[in-house]
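The values are calculated or read from the model by the stated rules, or taken from the named source; none is laboratory data. Worth saying up front: this structure is predicted, and the values here are computed from it rather than measured. Neighbour counts run over all protein chains shown; Cβ positions are idealised from the backbone, glycine included.
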Amino acid sequence: MADLGTTITEFFSAIAANPVYLLLFVGGIALVAILIIAHHIHKIRSEDIFVHQAWGANWKGPNR
């Protein structure tokens with residue numbers, strides 16, 4: 001079994017040797033970031049709106 005440091009070094013040297021690999025690597029990181037952000041936005045949008053009692057005692061909700 002290869003050493004972890006050697007594997008990581010070979011991975012980055014392969015990326016540096018071929019620009020297509022670099023684009024795929026950066027694109028993969030960007031895709032993961034977009035998916036994480038979209039997941040958090042979906043979680044925030046699906047939560048109920050919290051209205052503080054002092055500010056919204058007579059608030060009936062978004063569908064009046």
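Condition (residue is modelled with pLDDT under 90 and at positive phi) applied to the stretch 42-63: is it met by at least one residue?
Looking through the stretch 42-63, at least one residue is modelled with pLDDT under 90 and at positive phi.
Let me spell it out: the conditions are (1) surrounded by 10 or more Cβ atoms within 10 Å (Cβ to Cβ); (2) outside any helix (DSSP H, G or I), and residue 27 meets all of them except one. Which number is the exception?
Of everything listed in (1) surrounded by 10 or more Cβ atoms within 10 Å (Cβ to Cβ); (2) outside any helix (DSSP H, G or I), residue 27 misses just condition (2).
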